[in-house]
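The values are calculated or read from the model by the stated rules, or taken from the named source; none is laboratory data. Keep in mind the model is a prediction, meaning the values are calculated, not measured. Every residue, glycine among them, receives a Cβ derived from its backbone with ideal geometry; neighbour counts consider all protein chains shown. These area figures cover heavy atoms from the full protein model, side chains too; ligands, DNA and RNA do not enter into them. Shrake-Rupley method; radii C 1.70, N 1.55, O 1.52, S 1.80 Å.
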Amino acid sequence: SQQGEEDPQALSIQEGENATMNCSYKTSINNLQWYRQNSGRGLVHLILIRSNEREKHSGRLRVTLDTSKKSSSLLITASRAADTASYFCATAAAAYNFNKFYFGSGTKLNVKP
Amino acid sequence: DAGITQSPRHKVTETGTPVTLRCHQTENHRYMYWYRQDPGHGLRLIHYSYGVKDTDKGEVSDGYSVSRSKTEDFLLTLESATSSQTSVYFCAISAGDGTGELFFGEGSRLTVL
């Protein structure tokens, strides 16, 4: 599989704290994306980082990418109860077909009010 | 919200029966995908399409076939359903324009008894 593991599998924090989740992958990538899934719903795109970028911000989200370690992290700052959801990373290979996306197994985040 | 409709949303069927899930989009996006989601496995790519009549296998394609006769419709068929195909199936679309963002449907929950 293109995709490795995400860790932690589950994370429980208090409102206001920061949440960090990690994603590893196996092959060279074109880009890496993070998605959010509320219980029972489809996934929603959060942020995309290209293979030549090292860090990207969007609101309270900060994504880093280390291509030498084949890993990425998603940081949610000042978390809110509404951030409770599962978070997934997705990658597309750098070669052959960069529109074929593989997902990790996800991190389930619980933010306690 | 991206115009993606999955049908049926819920289906219960018996082992050995054929099942077809439909994904319909109104965005005129080139790429369409079928994923299945199971606890502990995240989302796994079944098949995807990069144009009318152009499809490719994903990581868990055995037991599934797809067809795309029109830009807006992508069908997933289980020729003879098995209990291991009990899952939530998600359709996704992408313009494939370099942003790579996937838009997801709300999912189809399939139970094979």
**OP:** Please enumerate the residues belonging to the stretch B:88-113 that are within 14 Å of chain A (Cβ to nearest Cβ) and in a strand (DSSP E or B).
**Re:** B:V88, B:Y89, B:F90, B:C91, B:A92, B:I93, B:S94, B:F103, B:F104, B:S108, B:R109
**OP:** Within the stretch B:60-82, track down each residue that is in contact (Cβ under 8 Å) with a residue 24 or more places away in the chain, of a type outside the set (D, E, K, R) and in a strand (DSSP E or B).
**Re:** B:V66, B:F74, B:L75, B:L76, B:T77, B:L78
Original post:
For the stretch B:71-86, does any single residue satisfy the condition of being open to solvent by less than 10 Å² (accessible area, probe 1.4 Å), at pLDDT 95 or above and closer than 19 Å to A:K100 by Cβ?
Top reply: yes
Original post:
Picking from A:Q33, A:Q9, which residue would you name as being within 13 Å of another protein chain (Cβ to nearest Cβ) and loosely packed, with under 14 Cβ neighbours inside 10 Å?
Top reply: A:Q9
Original post:
Name the residues in the stretch B:39-50 that are surrounded by fewer than 21 Cβ atoms within 10 Å (Cβ to Cβ) and more than 16 Å from B:C91 (Cβ to Cβ), would you?
Top reply: B:P39, B:G40, B:H41
**OP:** Hey, could you check the stretch B:87-105 for residues that are open to solvent by 50 Å² or more (accessible area, probe 1.4 Å) and of a type outside the set (V, I, T) and say which is farthest from A:C89 (Cα to Cα)?
**Re:** B:D97
Subject >> Of all residues making up the stretch A:4-37, the number that are within 17 Å of A:K108 (Cβ to Cβ), among the small types (G, A, S) and in contact with a Lys or Arg (Cβ under 6 Å, 6 or more places away or on another chain) >> reply: 1
